[in-house]
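A.B. asks: One structure is given below, represented as structure tokens, and several questions about it will come after.
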Amino acid sequence: MQIVVVADGVTQKEFQDKLIPEGIVVQFVATVGEASKGAGAYFYLREEEDLVKDREIIESLGAPTFVHAVSTTLHDLPDNCIRICGWRGFLLQETIEISATRNNIEGASEILNTLHWRYQEVPDILGLIAPRTTALLINEAYLILQNDASQKQQIDSAIKLAANFTSGPFELAEKIGVQKVFNLLVHLAVLDMRYNPAPFLKNEISDLGAAS
């Protein structure tokens with residue numbers, strides 16, 4: 001089987017670190033326009049904002065295409081797409097989340113089984129499950145930061161100790177990208193005010209915008 005991975009260098013390295021079984025040929029490219037036609041499957045792991053401009057090419061691929069789509073549901077994706085989360089570190093998790101239509105789930109399962117990747121099918125909801133839970137945890141940490149004298153490092157250490165996590169919420173935010181977390185929270189807050197971004201998080205985003 002040939003698989004084409006469309007991603008930046010860091011994400012390509014994460015894909016390789018999942019270990020690729022014998023008999024699978026993987027082509028790594030930076031843009032979907034470089035992708036070979038006729039592959040058995042595609043992984044489109046570029047920034048989610050690129051989905052709009054690359055939609056027609058993704059649709060023309062025909063084969064099952066796993067796309068990084070945290071804030072984009074299947075309704076707004078081509079029929080050959082399966083949603084996954086391509087945030088930093090999420091591909092390396094022991095089990096990845098996927099969301100697929102009834103027409104795609106069998107093909108998606110076959111591809112992931114061939115790769116020896118464990119997966120969990122989740123509902124086609126905004127934020128999937130793991131990303132929205134991670135975003136909520138990070139947001140809560142910013143609320144603690146706002147209402148407490150604790151520093152980021154102290155909160156990270158406390159949560160890692162209490163929950164046996166390998167990374168604290170601020171470490172996760174830095175790894176994923178605080179802007180990406182903020183964007184998901186903004187989308188989720190439209191449906192549920194629990195996800196309304198914390199004031200300290202909003203301030204940090206504003207500071208990042210001013211610095212750029």
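A.B. asks: Could you please state how large a percent of the accessible area of the chain is carbon and sulfur, counting protein chains only and using a 1.4 Å probe? Could you put the intermediate results ahead of the total?
C.D. replies: On the way: 5560 of 10780 Å².
Here it works out to 52 percent.
A.B. asks: Kindly report the accessible area of region 76-212 per residue (heavy atoms of protein chains, probe 1.4 Å, no ligands, DNA or RNA), in Å². Could you put the intermediate results ahead of the total?
C.D. replies: Values: 7250 Å² over 137 residues.
Ligands and nucleic acids excluded, the result is 53 Å² per residue.
A.B. asks: 222 nm [θ] for the chain, helices only, -39500 (n - 2.57) per DSSP H run of 4+, per residue, to 500?
C.D. replies: Details: 8 runs with 97 residues, N = 212.
Counting only the DSSP helices, I get -14000 deg cm²/dmol.
A.B. asks: Now for a different question. Using the C-alpha gyration tensor of the chain, what are the square roots of 5 times its eigenvalues, in whole angstrom, with the largest one first? Don't skip to the end; give the middle numbers.
C.D. replies: Values: eigenvalues 207, 66, 51 Å².
The answer is 32, 18, 16 Å, longest axis first.
A.B. asks: Another question about this same structure. Where a ≥ b ≥ c are the square roots of the eigenvalues of the C-alpha gyration tensor, would you call region 1-94 rounded, which needs a/c under 1.5, or, failing that, prolate if a/b is larger than b/c, or oblate?
C.D. replies: Oblate.
A.B. asks: Of the DSSP beta bridges with both residues in the chain, give the percent that are antiparallel, rounding to the nearest 5. Walk me through the numbers on the way to the answer.
C.D. replies: Numbers: 1 of 21 bridges.
The answer is about 5 percent antiparallel.
A.B. asks: Continuing with this model, one more query. Taking a threshold of 28 Å on the Cα-Cα distance, which of the pairs Lys53/Lys152; Lys13/Lys160; Lys37/Lys180 fall above it?
C.D. replies: On the way: Lys53/Lys152 37 Å; Lys13/Lys160 26 Å; Lys37/Lys180 31 Å.
Too far apart for the 28 Å limit: Lys53/Lys152; Lys37/Lys180.
A.B. asks: Around Tyr119, under 14 Å between beta carbons, what's the net of Lys plus Arg minus Asp minus Glu among the other residues?
C.D. replies: Values: positive: Lys18, Arg83, Arg118; negative: Glu94, Glu97, Glu106, Glu110, Glu121.
That works out to -2.
A.B. asks: Please identify the trypsin sites (Lys or Arg not before Pro) of region 1-94 that satisfy two criteria: DSSP loop assignment and at most 10 other Cβ atoms within 10 Å. Which are they? Don't skip to the end; give the middle numbers.
C.D. replies: On the way: sites: Lys13, Lys18, Lys37, Arg46, Lys53, Arg55, Arg83, Arg88; in loops: Lys18, Lys37, Arg46, Arg88.
Passing both the DSSP loop test and the Cβ count: Lys37.
A.B. asks: Next question, about the same structure. Please state the relative contact order of the chain as a whole percent: Cα pairs under 8 Å, 6+ residues apart?
C.D. replies: Details: 315 pairs, mean separation 30.3, N = 212.
In percent, rounded to a whole number, it is 14.
The values are calculated or read from the model by the stated rules, or taken from the named source; none is laboratory data. Computed from a prediction, not measured in an experiment: that's the story for all the values here. Neighbour counts are summed over all protein chains in view; Cβ atoms, including those assigned to glycine, are modelled from backbone coordinates with ideal geometry. Just the protein is used for accessible areas: all its heavy atoms, side chains included, with ligands, DNA and RNA removed. Shrake-Rupley method; radii C 1.70, N 1.55, O 1.52, S 1.80 Å.
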